[in-house]
Amino acid sequence: MEKWLIQSIWIAVFGFLKEFRPADPYIIQYLTNPPMNFTNQEVNQEIFPVSTYTCLGVTIIIFLITDYLYYKPIVVLNALSSFTVQILLIFTRSKTNMMVMEVFYGTLISCKVAYFTYVYSKVDKKYYKTVSSHMKMACLLGRLFSALLAQTLIDNKILTVYYLNHLTLAGATVSVFWAFGLPSIKSSIYFHQNFEHTYIKDNTDVNVSKPKTVCQRLWSDFIMAFTNRYVLQWSVWWALGTCIYYQCMAYFQSLWQEIYRNGTDLQVTNNGLVEAICTIISTLGVYLIGIITIPSWWLIGTLTFSQGLLLLIMAQEKLLSHAYVGYIMFGTFYHIMATAANCEVAKNIPADSYALVFGVNTFMSLLLQTCLTVVVNSPIGLMLDIRTQFYVYSGGCLIVGALFTVGALCSTYNTKTKPRIFTTLN
């Protein structure tokens with residue numbers, strides 16, 4: 001087996017382990033029932049927002065020190081943060097401790113950039129596409145396996161929601177040891193490059209450019225990427241779409257709890273099964289989008305608008321089964337669009353710039369999510385109830401979807417009229 005493939009598999013195993021979190025589909029149930037006994041209002045307006053604020057403050061710092069520290073220490077920090085989150089969930093009970101837990105959870109999310117950029121420093125550029133698929137598939141398999149396992153254990157009354165946290169802690173512990181065993185990096189994209197020096201032995205005048213400083217390289221890559229109008233357009237959707245997606249994902253369980261409390265057709269103990277189905281269908285959708293040719297702007301516009309309609313329906317839904325279906329469709333649409341955005345951006349920037357663009361777009365989405373959280377959830381904001389929050393998220397999707405659909409119309413019109421104009425001029 002080739003060395004690059006061994007390294008890719010080794011790192012992918014960590015991706016599987018870090019996504020093995022069987023307790024996640026039931027976090028709201030855990031926090032709002034014994035032994036925690038927090039109210040939905042406390043969870044939604046005081047505890048959960050802390051992770052969003054942490055992500056905003058930590059993401060750019062993590063991105064820069066990831067490169068400087070040769071990636072591996074940040075991957076280890078990812079695993080340690082996951083471990084700490086579970087320790088706090090299991091052994092502490094106060095609201096303050098849960099807010100500290102959210103700080104570590106926000107750090108965990110911020111460290112994900114290290115996982116995806118770490119592998120690019122270990123393999124040749126010609127293998128980027130292959131190893132990227134390994135990384136993504138490992139994460140999806142981790143989520144799928146943990147969700148199915150959680151649902152099986154709950155349905156068969158082998159474990160309760162409380163003990164799912166112990167199972168998640170076991171997975172986090174293994175991920176810590178695996179992270180420490182990952183191979184070290186000898187060079188990085190910005191701070192620790194391997195420059196090849198060419199020595200000219202004859203007297204011919206040759207202009208040899210000197211290596212740029214780190215700041216010069218960062219600024220050069222930033223300008224090259226974001227002065228490209230096509231990349232900028234996709235980055236705008238990336239930031240807006242990802243902001244709304246993660247905001248909704250953070251509060252879907254609260255919406256389900258609200259629907260269940262008012263009387264409905266299913267039990268909220270089906271969360272694990274729903275997460276598993278969503279992962280499977282999202283994976284299938286991502287695969288199909290790679291082999292089916294669909295105009296990108298039309299795809300983004302129609303699916304984002306459809307997400308808005310789904311959120312609008314779920315905001316007033318009374319049947320949990322319908323809310324579950326909406327959740328699956330919402331998540332699938334996002335993963336399809338995110339895959340399209342990643343591909344379109346990657347095709348139009350140098351390979352070395354991808355980590356920077358990913359970091360900037362992630363930071364912008366977190367900045368928007370933080371503003372949204374402050375407006376709808378914080379004491380200085382509107383402190384909206386959960387259904388009203390989803391009306392707001394729906395409005396955001398509808399506006400973004402409408403704008404990109406109009407953009408698709410304009411793009412299609414311009415494409416069809418240009419040949420006519422050219423023919424007339426001739």
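A residue that is free of Cβ contacts under 8 Å to residues at least 60 places away in the same chain and either open to solvent by 10 Å² or more (accessible area, probe 1.4 Å) or over 29 Å from Leu368 (Cβ atoms) (or both) occurs somewhere in the stretch 19-35. Taken over the stretch 306-320, the residue count meeting the criterion of being open to solvent by 30 Å² or more (accessible area, probe 1.4 Å) and either part of a helix (DSSP H, G or I) or among the polar types (S, T, N, Q) (or both) is 5. Can you say whether Gln7 is surrounded by fewer than 23 Cβ atoms within 10 Å (Cβ to Cβ), farther than 24 Å from Ile380 by Cβ and in contact with a Lys or Arg (Cβ under 6 Å, 6 or more places away or on another chain), as far as the supplied structure shows? Yes. Looking only at the stretch 114-158, residues that are of a type in the set (Val, Ile, Thr) and either over 14 Å from Phe14 (Cα atoms) or touching a Gly at 6+ places or on another chain (Cβ under 6 Å) (or both) come to 5 in all.
Among residues of the stretch 113-168 being open to solvent by 60 Å² or more (accessible area, probe 1.4 Å), assigned to a helix (DSSP H, G or I) and of a type in the set (D, E, K, R), the one that is farthest from Ile60 (Cα to Cα) is Asp155.
For the stretch 393-409, which residues satisfy the criterion of being open to solvent by less than 70 Å² (accessible area, probe 1.4 Å), modelled with pLDDT under 95 and not hydroxyl-bearing (Ser, Thr, Tyr)? If you could, list the steps in order and put the result at the bottom.
Pass one, the stretch 393-409, residues open to solvent by less than 70 Å² (accessible area, probe 1.4 Å): 393-398, 400-402, 404-405, 407-408.
Add one more test, that the residue is modelled with pLDDT under 95, and what stays is 404-405, 407-408.
Hits for the stretch 393-409 are Phe404, Gly407, Ala408.
In the set (1) in contact with an Asp or Glu (Cβ under 7 Å, 6 or more places away or on another chain); (2) free of Cβ contacts under 8 Å to residues at least 12 places away in the same chain, Asn97 fails one condition alone, (1). Screening the stretch 337-383 for residues that are open to solvent by 40 Å² or more (accessible area, probe 1.4 Å) and of a type in the set (Gly, Ala, Ser) and picking the one that is modelled with the lowest pLDDT gives Ala351.
The values are calculated or read from the model by the stated rules, or taken from the named source; none is laboratory data. From a predicted model like this one, the values you see are computed outputs, not experimental measurements. Don't worry about glycine lacking a Cβ; one is built from the backbone with ideal geometry, like all the others, and counts go over all protein chains shown. The protein model used for the area step is the full one, side chains on, heavy atoms only, and it has no ligands, DNA or RNA in it. Shrake-Rupley method; radii C 1.70, N 1.55, O 1.52, S 1.80 Å.
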